[in-house]
Amino acid sequence: MEKLFKLKEHNTTVKTEVMAGITTFLTMAYILAVNPNMLSASGMDNGAVFTATALASALATFIMAFWANYPIALSAGMGLNAYFAYTVCLGQLQGIDDPWKIALAAVLVEGIIFIILSFFKLRETIVNAIPENLKYGITSGIGLFIAFIGLQNAKIVVNNDSTLVSMFSFKGSMSDGSFNYLGITVLLALIGVLVTGILLVKNVKGGILWGILITWALGILC
């Protein structure tokens, strides 16, 4: 491991990297569920998207690990995929049979162009030309979007007749009998966020991982 990844040179250990890898996997695993559901809205096969997401994520991460020797996990971009499904396929290409096929062809051409630009360092020049505040804004926007998806999946944020950003009502769930399956989900999510936040503030090693495991154990008990 030392010879392959030069751990001492990067001031890390096998234990640290294994813990970081498990934490990264658990925090990214939601993509395997969300990405197929998102892209299937455009007409793509849910199972095929799931398989493609898993294989593409594994391949890209292996290349990053064994070729670049960089501890970064790669997977599908949720922001771009949401744009692909809802803006392009269901918006701009609405009414066309199998719009995702046309959109995927555009993505293929885009990928080829980006590869060519990378070879000539034009892509790096373009990225460096983007103002810092815009870069921060894009990163923050993607983070907020992913957080919104998480809140919806946890049922903390729910849909109603007029808006997609209504808050879950514990009082309402008690009256309509939905607390047993919706209310508990919300409680687990809130407890998980609270426990993880406390562990991070206390600088507990592997705080995010422990927060995930504690929430998972509570979910089994419930």
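Considering the stretch 12-66, the residues that are of a type in the set (G, A, S) and more than 16 Å from the chain's Cα centre (by Cα) include one that is least open to solvent (accessible area, probe 1.4 Å), namely S42. At least 2 residues being modelled with pLDDT of 90 or more and under 21 Å from Q152 (Cα atoms) is the threshold, and among the helices (runs of 4 or more DSSP H) wholly inside the stretch 1-115 those reaching it are 31-40, 46-66.
Selection over the stretch 132-158 of residues that are farther than 24 Å from T215 by Cβ and either open to solvent by less than 70 Å² (accessible area, probe 1.4 Å) or under 22 Å from the mean Cα position of the chain (by Cα) (or both) gives a count of 8. Look at (1) within 15 Å of the chain's Cα centre (by Cα); (2) open to solvent by 70 Å² or more (accessible area, probe 1.4 Å); (3) among the polar types (S, T, N, Q) and you find that Q94 fails only one, number (1).
Among the residues that make up the stretch 185-201, is at least one of them part of a helix (DSSP H, G or I), at pLDDT below 80 and open to solvent by less than 60 Å² (accessible area, probe 1.4 Å)? Looking through the stretch 185-201, none of the residues is part of a helix (DSSP H, G or I), at pLDDT below 80 and open to solvent by less than 60 Å² (accessible area, probe 1.4 Å).
Within the stretch 97-107, is even one residue under 30 Å from G21 (Cα atoms) and without any contact (Cβ under 8 Å) to a residue 60 or more places away in the chain? Yes, some residue in the stretch 97-107 is under 30 Å from G21 (Cα atoms) and without any contact (Cβ under 8 Å) to a residue 60 or more places away in the chain. For A106, state whether it is over 19 Å from the mean Cα position of the chain (by Cα) and among the hydrophobic types (A, V, I, L, M, F, W, C). So A106 passes the test. Residue-level check: of (1) over 29 Å from L93 (Cβ atoms); (2) touching a helix residue (DSSP H, G or I) at 6+ places or on another chain (Cβ under 6 Å), A129 misses just (2). Identify, by number, the condition in (1) in contact (Cβ under 8 Å) with a residue 24 or more places away in the chain; (2) among the aromatic types (F, W, Y); (3) over 23 Å from N37 (Cβ atoms) that F145 doesn't meet. In the conditions (1) in contact (Cβ under 8 Å) with a residue 24 or more places away in the chain; (2) among the aromatic types (F, W, Y); (3) over 23 Å from N37 (Cβ atoms), F145 misses (3) alone. Looking for something among the aliphatic types (A, V, I, L, M), at negative phi and assigned to a loop (DSSP other than H, G, I, E, B) - is there at least one such residue anywhere in the stretch 141-152? Within the stretch 141-152, not a single residue is among the aliphatic types (A, V, I, L, M), at negative phi and assigned to a loop (DSSP other than H, G, I, E, B). Here L117 clears all of (1) closer than 25 Å to L32 by Cα; (2) open to solvent by less than 60 Å² (accessible area, probe 1.4 Å) except the condition numbered (1). I'd like to know if the stretch 123-131 contains one or more residues that are touching a Leu at 6+ places or on another chain (Cβ under 8 Å), assigned to a helix (DSSP H, G or I) and either open to solvent by 100 Å² or more (accessible area, probe 1.4 Å) or closer than 28 Å to T23 by Cα (or both). Looking for residues that are touching a Leu at 6+ places or on another chain (Cβ under 8 Å), assigned to a helix (DSSP H, G or I) and either open to solvent by 100 Å² or more (accessible area, probe 1.4 Å) or closer than 28 Å to T23 by Cα (or both), one finds at least one in the stretch 123-131, hence yes.
Condition (residue is surrounded by 12 or more Cβ atoms within 10 Å (Cβ to Cβ), of a type in the set (G, A, S), in contact (Cβ under 8 Å) with a residue 24 or more places away in the chain and assigned to a helix (DSSP H, G or I)) applied to the stretch 164-174: is it met by at least one residue? No, the stretch 164-174 contains no residue that is surrounded by 12 or more Cβ atoms within 10 Å (Cβ to Cβ), of a type in the set (G, A, S), in contact (Cβ under 8 Å) with a residue 24 or more places away in the chain and assigned to a helix (DSSP H, G or I). Condition first: without any contact (Cβ under 8 Å) to a residue 12 or more places away in the chain and either more than 21 Å from A105 (Cα to Cα) or among the basic types (K, R) (or both). Can you find one or more residues in the stretch 36-55 that meet it? Among the residues of the stretch 36-55, not one is without any contact (Cβ under 8 Å) to a residue 12 or more places away in the chain and either more than 21 Å from A105 (Cα to Cα) or among the basic types (K, R) (or both), which makes the answer no.
The values are calculated or read from the model by the stated rules, or taken from the named source; none is laboratory data. Predicted model only: the values in this text are computed from it and were never measured. Positions of Cβ are generated from backbone atoms using ideal geometry, with glycine treated the same way; all protein chains shown enter the neighbour counts. Side chains are part of the model used for accessible areas, which takes the heavy atoms of the whole protein and leaves out ligands, DNA and RNA. Shrake-Rupley method; radii C 1.70, N 1.55, O 1.52, S 1.80 Å.
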